[in-house]
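What follows is one structure encoded as structure tokens, with my remarks underneath.
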């Protein structure tokens with residue numbers, strides 16, 4: 001079991017204890033325990049099929065857990081009605097595809113659904129307007145969502161999540177199909193969200209690019225053989241031994257002079273002993 005302490009004086013936004021999850025007889029996650037403090041970008045890494053997306057979905061009741069516990073702001077998620085959970089947690093899936101002709105503005109407004117009764121209030125519209133301005137989406141606001149590029153759609157989904165005003169953001173491979181500029185832009189937006197100390201929120205992001213995770217994440221959580229292999233800051237988590245054992249490659253570790261984050265240069269597949 002791996003569990004990280006939180007910042008002194010702060011309560012964790014997310015606490016996972018002894019989580020187990022399986023699809024039928026196929027065990028995916030085993031004895032998963034960790035905590036996420038406020039203002040933290042956690043990158044979840046591991047080889048394909050290792051359970052990154054499964055973990056993200058367990059934190060939002062998409063996957064119903066039968067063993068272990070997940071707490072959001074100290075409340076067990078099983079005790080939270082979906083509408084109340086949506087006020088605390090925003091989930092952005094890997095891909096959102098639709099041919100339904102809905103304006104970008106209305107997609108973002110959907111983030112206010114947990115707070116609405118019968119009508120959309122003026123306060124809700126002001127929140128959406130501020131989010132559109134913050135993410136510089138004015139030129140897209142009244143375009144149809146399905147006509148946007150992949151990067152533009154992903155930014156709109158982040159805007160919808162921000163309009164939801166949660167304290168926990170869950171992202172499932174948010175940059176998997178994007179070009180390099182869009183990858184950097186999206187992760188910069190997520191990093192900006194959690195770095196704002198006036199808003200005690202955090203993000204848990206399933207990723208596959210180790211170097212992007214190293215650059216943007218405050219902590220790296222690596223899943224290997226169904227368990228947490230390590231959970232630490234990038235400079236400690238991403239070392240030659242970890243890369244070799246988890247990813248099966250030989251690599252060298254360089255240092256990003258701007259951020260002191262490690263840069264992984266893959267050399268070759270690891271030789272069989």
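Here are some notes:
- The fewest-to-most ranking of 201, 40 by surrounding Cβ atoms within 10 Å reads 201, 40.
- Helix-derived mean residue ellipticity, 222 nm - over the chain, DSSP H n ≥ 4, -39500 (n - 2.57), to 500: -8500 deg cm²/dmol
- Rounded to the nearest 10 degrees, the inclination of helix 180-195 to the longest alpha-carbon principal axis of the chain is 80 degrees.
- Taking the longest Cα principal axis of the chain as reference, the axis of helix 122-134 is set at about 50 degrees.
- Compared with the dominant Cα axis of the chain, that is its longest principal axis, helix 150-163 is turned about 70°.
- Spatial offset of segment 114-143 relative to segment 25-47 amounts to 32 Å, using the alpha carbon center of each.
- Antiparallel DSSP beta bridges within segment 14-269, as percent of all bridges there, nearest 5: 60
None of the figures in this text is laboratory data; all of them are computed from the coordinates on show. Model, not experiment: these values are computed from the prediction. Heads up, the Cβs are rebuilt from the backbone with ideal geometry, glycines too, and the neighbour counts pull from every protein chain shown.
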